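Here the structure comes first, spelled out in structure tokens, and everything after it is commentary.
The values are calculated or read from the model by the stated rules, or taken from the named source; none is laboratory data. Please read these numbers as outputs of a predicted model, since none were measured by experiment. Neighbour counts are summed over all protein chains in view; Cβ atoms, including those assigned to glycine, are modelled from backbone coordinates with ideal geometry.
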Amino acid sequence: MNKFIKKLLILFFILTNNTIAEENIMILKLKDGDVKIELFPDTAPNHVKRIKQLAEEGKYDGVVFHRVIDGFMAQTGDVKFGNSSNNDFNIGRAGTGGSNLPDLKEEFSSLPHQKGTLSMARSQDPNSANSQFFICFEAASFLDKQYTVFGKVIDGMEFVDKIKRGEPASDPDKIISFK
């Protein structure tokens, strides 16, 4: 009986651990393939909550990558002016909008900006992140402790590397879905 209970507890722990882990994995669907992202709720709980909320509402679906700098990063997430499937879409204004939700207080950490890091975009005000984020193509240590890191690419970085460059690119790439 004692061995049965131990096995049952181990099985429960494994299943619970996997469920928790899967809660913090999202798939960013791009034209060239799926990008698997691990979120960091322990490091940036409010930013992770915001990203999940907007993704669950479908707000990121159709949003263009409006600022893509070779060797640096790909920025997206302007759910107001950057969403190519809504009436407010304006490529000239993409990068200036956000969601209708209030801006977030910074959650800076010691996590570095490395290749594949996801970090929140913001204005000069450290507490102005809202919906926009970027994915680093390469290490960018000059951003460390100045922008909120909320996740990292764990599979599919080769698809991020194929995003069209430009500020904005002509006919920019976009998020197909983010779930």
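Residues Lys105, Lys115: which one is of a type in the set (Lys, Arg) and in contact with a Phe, Trp or Tyr (Cβ under 8 Å, 6 or more places away or on another chain)? Don't jump to the end; show me each part of the working.
Values: Lys105 fails: in contact with a Phe, Trp or Tyr (Cβ under 8 Å, 6 or more places away or on another chain).
Result: Lys115 is the single residue among Lys105, Lys115 that is of a type in the set (Lys, Arg) and in contact with a Phe, Trp or Tyr (Cβ under 8 Å, 6 or more places away or on another chain).
Given the conditions (1) closer than 23 Å to Lys145 by Cβ; (2) at pLDDT below 95, and given that Glu107 satisfies all but one, which numbered condition is not satisfied? Against the list (1) closer than 23 Å to Lys145 by Cβ; (2) at pLDDT below 95, Glu107 comes up short only on (2).
Per the conditions (1) out of contact with any helix residue (DSSP H, G or I) (no Cβ under 9 Å at 6 or more places or on another chain); (2) under 23 Å from Ala169 (Cα atoms); (3) in a loop (DSSP other than H, G, I, E, B), the sole criterion not satisfied by Thr43 is (2).
Looking at this structure, is Val79 under 25 Å from Arg165 (Cα atoms) and part of a loop (DSSP other than H, G, I, E, B)? Write out each step before concluding.
Details: under 25 Å from Arg165 (Cα atoms): yes; part of a loop (DSSP other than H, G, I, E, B): yes.
Taking the combined requirement at face value, the residue satisfies it.
Yes or no: region 12-19 includes at least one residue that is at pLDDT 95 or above, surrounded by fewer than 15 Cβ atoms within 10 Å (Cβ to Cβ) and over 16 Å from Thr148 (Cα atoms).
Going residue by residue through region 12-19, those that are at pLDDT 95 or above are none.
No: region 12-19 contains no residue that is at pLDDT 95 or above, surrounded by fewer than 15 Cβ atoms within 10 Å (Cβ to Cβ) and over 16 Å from Thr148 (Cα atoms).
The residues listed here are Phe137, Phe133, Phe159; of these, the one that is of a type in the set (Phe, Trp, Tyr), crowded, with 17+ Cβ neighbours inside 10 Å and closer than 14 Å to Lys36 by Cα is Phe159.
Could you please let me know if Lys164 is in a loop (DSSP other than H, G, I, E, B), under 19 Å from Gly62 (Cβ atoms) and under 18 Å from the mean Cα position of the chain (by Cα)? When the stated conditions are applied, Lys164 passes them. Name the residue that is nearest to the chain's Cα centre (by Cα), counting only residues in region 82-94 that are crowded, with 20+ Cβ neighbours inside 10 Å and part of a loop (DSSP other than H, G, I, E, B). So the residue we want is Gly82.
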